[in-house]
Amino acid sequence: MINVASGGVGPDAPAEMARLLAELGIRADIHACAPSELRSQLRASLDAGPDLLVTLAGDGTVRAAAELVGPDGPLIAPLPGGTMNMLPNAVYGGRPWPEALRLALEAGRERDLGGGCIEGHRFLCAAILGSPARLAPAREAAREGEFGAAFRQVRSAVERAFTGRLRYQLDGRPRAKAEALVLICPIASKVMRAEEPVLEAAALNVRGAGELIRLGLNALVRDWRIDPAVDDQFCREARVWSAHRIPAILDGETVTLPSLSEIRFDPKVCRVLTPPKEDR
């Protein structure tokens, strides 16, 4: 599955992948899709009963594939074809996709991949709940070159920030409030080993535009976790509630969650094909 609109996919990618697979003697059906066709084509591809589902796309496409495949479906090879490539880079160590695919096919091993489950959705890298998720439409408008619309979306998001704080509870501990809650999976966290069976939970207690700017600067020049507006913990389960439905971003994709949402760590969201351990 190749998302032809992803930031890291060039026009020659389908032909290059076909040559590589043919060289390795592997029979495959290659589908180059627009974003609107991805989910339907994923379903059709899985109905054909493949041994391996290769995705050359962004983190959002991998998340959609993981939701459809589940823990007992075919293996997934999530190649880096998006803008951020958080999951592909964690799995394949920043290798270009042809090198990553060749190594995985020639010497790869199966690995269970854990992640988060939230109200019927899955995420493999990170979930952002609360006001920052309202910036997602601005990001999409900027991607399409609609910078006027992007500016209006940013202004609207800033105007609505700091008006609907979340309440949350981690593993039954005392309840707390935050402007936003970020849940990071082990494979994407910089402070956990990938095998740890918990989520990193960072509560963002930003109370004004000045603190938001400071947090952004800390994120650019050093570890944002040291900012005084961040309360960083770990959990297996979390409950989040608000007076209104909760805006969220799951692995780069925008969703709207119920006003009371529950999150848990799942040690086996799907299975991925990774390079040998010593080569990652």
For this session: Within the range 4-31, track down each residue that is touching a residue at least 24 places away in the same chain (Cβ under 8 Å) and over 20 Å from V69 (Cβ atoms).
Result: V4, A5, G7, G8, V9, A13, E16, L20, L24
Exercise. Quick one: is I76 out of contact with any Asp or Glu (no Cβ under 6 Å at 6 or more places or on another chain), modelled with pLDDT of 95 or more, buried (at least 21 other Cβ atoms within 10 Å of the Cβ) and not polar (S, T, N, Q)?
Worked result: yes
Problem set entry | Exclusive hit being under 24 Å from V182 (Cα atoms), among the hydrophobic types (A, V, I, L, M, F, W, C) and not assigned by TED's automatic domain parsing to the domain that holds V198, set A133, A77, A104, A90 | A90
Problem set entry | Residue satisfying condition, being modelled with pLDDT under 95, of a type outside the set (D, E, K, R), surrounded by 14 or more Cβ atoms within 10 Å (Cβ to Cβ) and more than 22 Å from L250 (Cα to Cα), within set A90, A65, A15, A28 | A28
For this session: Restricting attention to the range 31-44, report how many residues are assigned to a helix (DSSP H, G or I) and modelled with pLDDT of 90 or more.
Result: 5
For this session: Return the pairs, sorted by first residue and then second, in which the second residue is part of a loop (DSSP other than H, G, I, E, B) and not aliphatic (A, V, I, L, M), the first residue lies in the range 174-191 and is in contact (Cβ under 8 Å) with a residue 40 or more places away in the chain, the beta carbons are less than 6 Å apart, and the residues are 6+ apart or on different chains.
Result: A178/N205; E179/R165; C185/C125; P186/E196; A188/C125
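The values are calculated or read from the model by the stated rules, or taken from the named source; none is laboratory data. What you see is a predicted model, and the numbers here were worked out from it, not measured in a lab. Heads up, the Cβs are rebuilt from the backbone with ideal geometry, glycines too, and the neighbour counts pull from every protein chain shown.
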